Amino acid sequence: MSFLSKLKAGLGLLALSSLTAVFANESKLNLREGVTEISREAYHLHNWVVIVMLVIAVVVFGAMAYSMWAHSKKNNPVPAKFSHSTALEILWTAIPFIILIVFAVPSTKLLMKQYDTAESDLTIVVKGYQWKWKYSYPDQELEYFSALATPRDTFVNSSELASTPIAAIGHVLAGGVVGAGDKPTEKSATYLLEVDHELVIPVGKKVRFLVTAEDVIHAFWVPDFGIKKDAIPGFINEIWARVEKPGIYRGQCAELCGKDHGFMPIVVRAVEPAEFDAWVAQKQEEKRIAAEDAAKAAASSFTMEQLMADGEKNYLARCAACHQPTGQGLPPTFPALAGSKIATGPVAGHLNIVINGKAGTAMQAFGAQLTDVEIASIITYERNAWGNNTGELVQPADVAAFKNGK
């Protein structure tokens, strides 16, 4: 087989395999069609553009290959003497210009539609934190955090991570699981993709997302909706979606936002409008009951045993990602709490950094994220675990008094 025949066969195979990938519904190389008008239009526009690009590539590379063969010294020993062709130059300038215009028109229309958040039926504020999301429904007076539901000790052995962090991270990145106590952990289909609280939206309604962040840049990305928007501290970006089919749709933070960037999933549950109204009513009732329970708990005094038990549970869920279950942290970014001046010094300083955070560091302000009871239990735990042994209790009333400046 001659070189030209091999080249033609290769180009044909490349075009055929690419077209097959584009049109295969189950192809992992293509975009997903999604469940919104925007995602579907983007999907079909993308496929159409890829087909045109393939045709152009075949024509251009075919012409180049033919020219190299037809005008080689062997086949054409006497070269042509012309310098240029005005007609050809106009033609190969006009054709790409027309193609770009043909691409630009539907692309611009789609972008304008994607950015048109007017006349929305529901507004949800999406705020990124390291490493969780906060969803607020202003008109429904609801808000809650959504974090990875997978317990950390099922995918990272804290003691191993603390002693040999590079080896442990490399093991996980290689597809392994560092199980607690060397117990094997089975991976389900939604491994590391489940959250404690889903984002719930009604189907058939235009939902406007106001996207921002508390600490660093994140990105709210749900592929099935055809949306991805940067979440930037101090800025509010808008995006919208109208989901057509009930179901569970998953996304991720799409911006490298720190150590646990990979553990920041998004789960959206799209339900019928009637079910959404029932969910809102249920969440409002839960909010009312939680407020009453928090008020009762804030007025109560707890024993050391109670605070230590609740504190360990809350610490592992909220603080261990940075400071580690052993309290050894990951210095210098995440300092150790075992033996630290904060955890063994004056209680006021400890309350201040937990409630208000520390500017310029990764330490968040947890005053609005946790209840007074949760903060009291965590601080008590931190002041008496890992050998700190201060013997000091912090009650919910102490937290409330600090917040009120007393």
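Report note on the peptides 289-300, 357-368, 340-351: ranked by the mean count of other C-beta atoms within 10 Å, highest first, their order is 340-351, 357-368, 289-300. Only aspartates and glutamates eight or more places from K296 in sequence, or on another chain, were considered; those with a Cα closer than 16 Å are E286, D372, E374, D398.
Straightening the chain between D196 and R250 buys 18.1 nm, computed as 0.36 nm per residue apart minus the Cα-Cα spacing.
Listed values for region 255-270 are Karplus-derived 3J(HN,Hα) couplings in whole Hz (6.51 cos²θ - 1.76 cosθ + 1.60, θ = phi - 60°), namely 10, 4, 10, x, 4, 9, 3, x, 10, 10, x, 10, 10, 10, 10, 9, and x replaces Gly and Pro. Modelled spin labels at Q306 and A400, positioned 7 Å past Cα toward Cβ, are 1.4 nm from each other.
Using a simple spin-label model with pseudo-atoms 7 Å out from Cα toward Cβ, I95 and A118 lie 4.1 nm apart.
Going by accessible surface with a 1.4 Å probe and the largest first, V105, V52 read V105, V52. Please go through the residue pairs K206/K283; K187/K358; K259/K283 and name each one whose alpha carbons sit more than 25 Å apart in this structure. Beyond 25 Å: K187/K358; K259/K283.
Close amide H pairs (under 5 Å, H built 1.01 Å from N) link A149 with E194, V195, D196, residues at least 5 positions away or on another chain.
As a test of understanding, state the convex hull volume per residue of region 298-353 from its alpha carbons, in Å³.
On the way: hull volume 5.9 nm³, N = 56.
In region 298-353, the Cα convex hull volume per residue is 106 Å³.
Only protein atoms count toward the accessible area here, which uses a 1.4 Å probe; on region 336-386, the carbon and sulfur part of that area reaches 60 percent.
Å³ per residue of the Cα convex hull, for region 306-402? Working shown, then result.
Numbers: hull volume 8.4 nm³, N = 97.
Per residue, the Cα convex hull of region 306-402 comes to 86 Å³.
Between N47 and E275, how high is the FRET efficiency from 1/(1 + (r/R0)^6) when r is the Cβ-Cβ distance and R₀ = 51 Å? Nearest 0.05. List each step's numbers first, then the result.
Values: r = 34 Å, r/R0 = 0.66.
The calculated FRET efficiency here is 0.90.
Ordered by 1.4 Å accessible area with all protein chains kept, M264, M304, M64 run largest first as M64, M304, M264. Each part gets one Cα centre, and for region 189-219 versus region 274-298 those centres are 20 Å apart. Using 0.36 nm per residue and subtracting the Cα-Cα separation, the extra length available between N389 and V55 on full extension is 113.0 nm.
The values are calculated or read from the model by the stated rules, or taken from the named source; none is laboratory data. Predicted model, so just to flag it, every value in this text is computed and none were measured. Backbone-built Cβ (ideal geometry, glycine too); neighbour counts: all protein chains shown. Please note that ligands, DNA and RNA were not included when accessible areas were found on the heavy atoms of the full protein model with its side chains. Shrake-Rupley method; radii C 1.70, N 1.55, O 1.52, S 1.80 Å.
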